[in-house]
1. Using a simple spin-label model with points 7 Å from Cα along the Cα→Cβ vector, what separation in nm is obtained for Val194 and Lys162?
2. If I model a spin label at Asp114 and Asp128 as a point 7 Å from the Cα along the Cα→Cβ vector, what separation in nanometres do I get?
3. Fully extended, how many nm does the chain gain between Lys64 and Asn201 (0.36 nm per residue separation, minus their Cα-Cα distance)?
4. Ranked highest first by average number of other Cβ atoms within 10 Å, how do 190-203, 146-159, 169-182 line up?
Amino acid sequence: MKKRIVFVAAGVLALSVGVYVSSKLWAQPAAQPQQHVQTRIGILNMGYVLKNYQKVDAYTVEMKENFKKFDDALKAKKGEIEVRTKQTQDPKYTPAEREACAKEITNLNRQLEDMNNDMKKYIGTKTDEQMVTIYKEIQEAAKRYAMSQNLDCVLTYIDAVKEADFLNPMNVMGKMQQRACMPLYYNTGMDVSVDITNALNANYQASKVTPVSH
C-alpha cells in the first residue's frame, strides 16, 4: 500500500512539473520573424558630374589662360635666343661681341629652364588645389542631397556620359578592370548624378553674384 501511495505521489509530481513547464512555454511569446533592414542608396556618375559641373569648365578656362601666358613668355624668350644665336654667326660682329652674345644665350637658356620649371610647378599646384576643391564640393553636395532625400549613402562610380559611348572598347575595358561601384544593372531612379550636378551649378552661380553695396 505504501509503495502504491509513493508511485501515485511521484506521478502527480511529474504531471505537475510537466504542466508547469508547458504553461511557461506557452506563456513565452512566439519568435518574431527577423525584419530585413532596408537601405536607400543613390549612385553618382563622377564622369557626368565633372563633365557638367560649370565650375570645372571655369577652372579649365582659367588654366588655359594661365598656360597661354606662360607659353607666350617662353616663346618670347626663345625668340631672344634665336636672335642672339644668329648674331654669334654674323661676321659683322666682332669676336668680342659674338662672345658676349654666346654668354647671353647661356643666361637666356637658364632663364628659359627656370620659366619651364615655374610653369610646371604652378600648373601642378593649381591642378591639385582645384581637384581637391571640386571633390570636397561634390562630397558636400552629395551629403546634402542624401539628407534631403533620406538616403543612407551615395556611392560614386565612373562611366560614359553619352549612351553611344557605353560600349566604346576603352570604356568596356575600364568596366572589366577594377572600378569602384561599377553597376551591371541598376534602377535608373537610383542615379542622383543630375540632381547633385544641378545643385552644384546652382550654388556656383549663386557664389558669382556680387552683393549690392548700400
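Computed from the coordinates by the stated procedures, all read-outs in this text should not be read as laboratory data. Here the structure is a predicted model, which means the values were calculated and not measured. Using ideal geometry, Cβ is built from the backbone for each residue, glycine included, and neighbour counts are taken over all protein chains shown.
1. Here the answer is 1.8 nm between the modelled labels.
2. Calculated label separation equals 2.3 nm.
3. Separation in residues times 0.36 nm, less the Cα-Cα distance, equals 47.2 nm.
4. Details: 190-203: 17.8, 146-159: 14.8, 169-182: 11.2.
Answer by packing, highest mean first, reads 190-203, 146-159, 169-182.
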